[in-house]
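Data first, discussion second: the structure below is written as structure tokens.
The values are calculated or read from the model by the stated rules, or taken from the named source; none is laboratory data. Here the structure is a predicted model, which means the values were calculated and not measured. So basically every Cβ, Gly included, is an ideal-geometry build from the backbone, and we count neighbours across all protein chains shown.
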């Protein structure tokens, strides 16, 4: 069983910085197993009630998703968990009860501190009548792919302390992690900045 710190690190790695605490608190509140899966072509995530394991709730999300898609999928599956806990199998998996819960769980992160405006606009339209999969909404999927699928570099979280990297054309040195951000120094100015741990950066091996 993962520790609380391990779960916190999952959210630090996989969701936008502004949603880390919220996602972690949802996990604390509902007490479920969270699995990070390899890329799956047929689904982004799923929820299961494991009756044979003493009634354990389990959620899995594809670890290859960008932070915005991961967050939306995570909330999608938590909505299944909460709906199942309240109604068991008396309602449809993606019926009105699930849609209402999904909207309620997403509301706290519907802001520009979490999502870029392009994704936020598409997500708000999608939530008016969410479907079984966000992949069915072409506007939302296009916005997610445009704004969140830059995987050309490394996550700042994955660099060792003291490593040099380039971000937005400027060179920095990675310092200590402070929850969801890293203290980084710009050698040319000796100024320090707080950079989100999930920022995609270019590691400089010979700096």
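Checked against the criterion of being assigned to a strand (DSSP E or B), in contact with a helix residue (DSSP H, G or I) (Cβ under 8 Å, 6 or more places away or on another chain) and closer than 22 Å to residue 115 by Cα, region 65-87 contains not a single residue that satisfies it. Among the residues that make up region 132-148, is at least one of them in a strand (DSSP E or B) and touching a residue at least 12 places away in the same chain (Cβ under 8 Å)? Within region 132-148 (the criterion being in a strand (DSSP E or B) and touching a residue at least 12 places away in the same chain (Cβ under 8 Å)), the answer is no, since none of the residues qualifies.
The residues of region 178-196 that are at pLDDT below 90 and surrounded by 15 or more Cβ atoms within 10 Å (Cβ to Cβ), listed by number, are 180, 181, 195, 196. Note on region 154-169: residues that are surrounded by 13 or more Cβ atoms within 10 Å (Cβ to Cβ) and farther than 16 Å from residue 14 by Cβ amount to 6.
Listed here are the residues, each with its yes/no results for (1) free of Cβ contacts under 8 Å to residues at least 60 places away in the same chain; (2) surrounded by 16 or more Cβ atoms within 10 Å (Cβ to Cβ); (3) in contact with a strand residue (DSSP E or B) (Cβ under 8 Å, 6 or more places away or on another chain).
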residue: 8; (1), (2), (3): yes, yes, no
residue: 12; (1), (2), (3): no, yes, no
residue: 22; (1), (2), (3): no, yes, no
residue: 25; (1), (2), (3): yes, no, no
residue: 32; (1), (2), (3): yes, yes, yes
residue: 37; (1), (2), (3): yes, no, yes
residue: 47; (1), (2), (3): yes, yes, yes
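The condition (being without any contact (Cβ under 8 Å) to a residue 60 or more places away in the chain, under 23 Å from residue 195 (Cα atoms) and either crowded, with 20+ Cβ neighbours inside 10 Å or over 14 Å from the mean Cα position of the chain (by Cα) (or both)) is satisfied by just one residue among 56, 106, 118, 64: 118. Looking only at residues of region 197-207 that are farther than 23 Å from residue 24 by Cβ and surrounded by 16 or more Cβ atoms within 10 Å (Cβ to Cβ), we find that the one that is modelled with the lowest pLDDT is 201. Taken together, 58, 97, 90 contain a single residue that is modelled with pLDDT under 95 and assigned by TED's automatic domain parsing to the domain that holds residue 21, which is 90. Considering only residues in region 172-197 that are in a strand (DSSP E or B) and in contact (Cβ under 8 Å) with a residue 40 or more places away in the chain, the one that is farthest from residue 15 (Cα to Cα) turns out to be 181.
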